[in-house]
Amino acid sequence: GERYMNFNWNTFIDLGMISAALLLATLLRAKVRFFQKYLIPNALTAGLILLPLYNFVFPHVGITSAGLGELAYHLLGISFIAMSLRTTRSTAAVGAHRHFSTVVALLSQFALQVLAGLLLTLFFISTFYPDLYEPFGYLLPLGYVQGPGQAFAIGESWTGFGIEGAGSVGLTFAAIGFILATFGGVFLINFGIRRGWVSREELTPLNESRVRTGVYPRNAERPVGSVMTTESEAIDTMTFNGGLVLAGYFLTYLFLNFLTWALGLVGPLGEELAVNLWGVSFIFAALVGLAMKHTIQALRVDHVIDTRTMNRISGFSVDIMVTSAIGAISLVTVSQYWIPILVLALVGATLTFTTVPFIASRIFTDHKFHRMLLIFGLSTGTLSTGLALLRVIDPGFETPVATDYTYAAGITFVFAIPFILSISLPVRAFVTGNIMFFWIAVAVAVAYFIFVFISYLVLAKGKAFAGPRHVWLRHGREEHQA
């Protein structure tokens, strides 16, 4: 009786499971104090609900986690296009110093985590885990600083070189990062307030009674989520904006195919680079999105794009992506490497906890605590966790911190491209057995570190090494209020 099975249901079975998990997670957040207190994103809860099911229950009925991984990969690209197509009124010149400071703070985490990850990997390969693969260390910054989609996409793209299960390891770092971002972030908020890192005036009165259920109450005034830019009888606004995004994703596919063909002409090395580029297709998705936006603006029809609808499309993609990414972790793979994962995760966490407040309190001139929180959230979770932490102390985004980040994000992204492309070097070391490629990758990370360090000295001026024993530098006055 397989006659009714002419249609493939797999994607919709996965989407159904993800949706059920997200709805259950939303209910838990609305009702259980624990989830509210620690601001645990619903997508993280939903992913952790699916994780044991996809690992131990669903395989018995023929449902595998392969589809989840694919969803995560594609939704990552789609969310990047939606974010790139947003039209923002530019006030970039005003805060050039602040934007650059944000870029330096974010890149510092990348540089530190790549260096720590690669050197620890080398240590493990030469001691307890001789069969560990050279690019393993990159999964730490990919999971923490970049996020689940990137960590999974890049890790999975190594399968072609004989590295199995790296996607799952990357997702594990991303999941640990989320947990760090939520619990660590809430800890930092309470610790910072107690230690006087942030003044009472600076905090938008923290309304303690406002329980963060994650759902607007029945009679609350609800913000506008998107506005119409087209007449529905002609084409729905959601269809039009969604159409732009999906068309952009298709263009990305065509562009990558063209690049693969062009690189194939170079020879085997070119083909290998091409495989890596498919792993980082989200970069090309973002670039295609920006190219589309500039074309639309040049044609003076940018009024048909609704930025808020693009935010909704991006939010929808990210929620489903995070849920499916965490649900797709293979516990079998992770259990093989649990010691290196744990060591790298702890070292990464320690670096982030100590260096983010240290750097932020010395290079920023205003809203230091707010900026530090956002950067902490971004360096361990994703943009949504960073913004969730910021929202705790700045509910209406009245400070310029969130908007400053949107400008800095583009610059950081461009700065990170050489980094992401250098990930193919340790992979090459693994394939050829030539450790030289590994050391070139380390050299790239060192170059970033030097760039970050010099920028830090320039931005922090006299404060660079003031109060070296203090993680948080107050405005030159070092007296301690109890």
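The values are calculated or read from the model by the stated rules, or taken from the named source; none is laboratory data. It should be emphasised that the depicted structure is a prediction, and the values quoted were computed from it without experimental measurement. All Cβ positions, even for glycine, are placed from backbone atoms using ideal geometry, and neighbour counts span all protein chains on display. Only protein heavy atoms, including side chains, enter the accessible area calculation; ligands, DNA and RNA are left aside. Shrake-Rupley method; radii C 1.70, N 1.55, O 1.52, S 1.80 Å.
One table, with the values for the structure above:
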item: Charge dipole (the chain, unit charges on Cβ, about Cα centre) - positive-most of Ile154, Val431, Trp9; result: Ile154
item: For the range 1-65 versus the range 371-386, the gap between their alpha-carbon centres in whole angstrom; result: 25 Å
item: Leu119 versus Val186: modelled label distance in nm, points set 7 Å from Cα along the beta carbon direction; result: 3.4 nm
item: Where trypsin sites (Lys or Arg not before Pro) fall in DSSP loop in the range 290-386, at most 12 other Cβ within 10 Å; result: Arg300
item: Computed accessible area, Thr159, all protein chains, 1.4 angstrom probe, square angstrom; result: 50 Å²
item: Per-pair calculated FRET efficiency, R0 = 25 Å: Thr350 and Ser126 via Cβ, rounded to 0.05; result: 0.65
item: Accessible carbon and sulfur surface of the chain relative to its total accessible area, %, 1.4 Å; result: 67 percent
item: Gained length - Val61 relative to Glu398, 0.36 nm times residue gap less alpha-carbon distance; result: 116.3 nm
item: Per-residue [θ]222 nm for the chain (sum of -39500 (n - 2.57) over DSSP H runs n ≥ 4, rounded to 500); result: -21500 deg cm²/dmol
item: Per-peptide average of other Cβ atoms within 10 Å, ordering 240-247, 429-436 highest first; result: 240-247, 429-436
item: Protein-only accessible surface order, largest first, of Met292, Met310 at 1.4 Å; result: Met292, Met310
item: Accessible-area ranking of Thr406, Thr307, largest first, probe 1.4 Å; result: Thr406, Thr307
item: Linear extension gain, Ala291 paired with Glu201, 0.36 nm per residue minus alpha-carbon span; result: 28.1 nm
item: Distance (nanometres) between label positions extended 7 Å along Cα→Cβ at Val414 and Phe250; result: 3.0 nm
item: Two-site label geometry, Leu27 and Ser335: point separation in nm, points 7 Å out along Cα→Cβ; result: 3.0 nm
item: Nearest-20 debye value, the chain charge dipole, Cβ charges on Lys, Arg, Asp, Glu; result: 1560 debye
item: Accessible area (Å², 1.4 Å probe, nearest 10) - Trp278; result: 70 Å²
item: Lysines whose Cα lies under 21 Å from that of Lys463, excluding same-chain neighbours fewer than 8 positions away; result: Lys368
item: The chain: translational diffusion in µm²/s, Stokes-Einstein, Kirkwood Rh over Cα pairs, 25 °C, 0.890 mPa s; result: 104 µm²/s
item: Per residue solvent-accessible surface (Å²) - the range 29-132, probe of 1.4 Å; result: 44 Å²
item: With DNA, RNA and ligands ignored, accessible area of Ser19 (1.4 Å probe; Å², nearest 10); result: 50 Å²
item: Solvent exposure, largest accessible area first (probe 1.4 Å, DNA, RNA and ligands not counted), of His370, His97; result: His97, His370
item: Highest-first arrangement of 51-62, 448-459, where packing means the average Cβ count within 10 Å; result: 448-459, 51-62
item: Full-stretch length increase - Arg391, Tyr38 - with 0.36 nm per residue and alpha-carbon distance subtracted; result: 125.8 nm
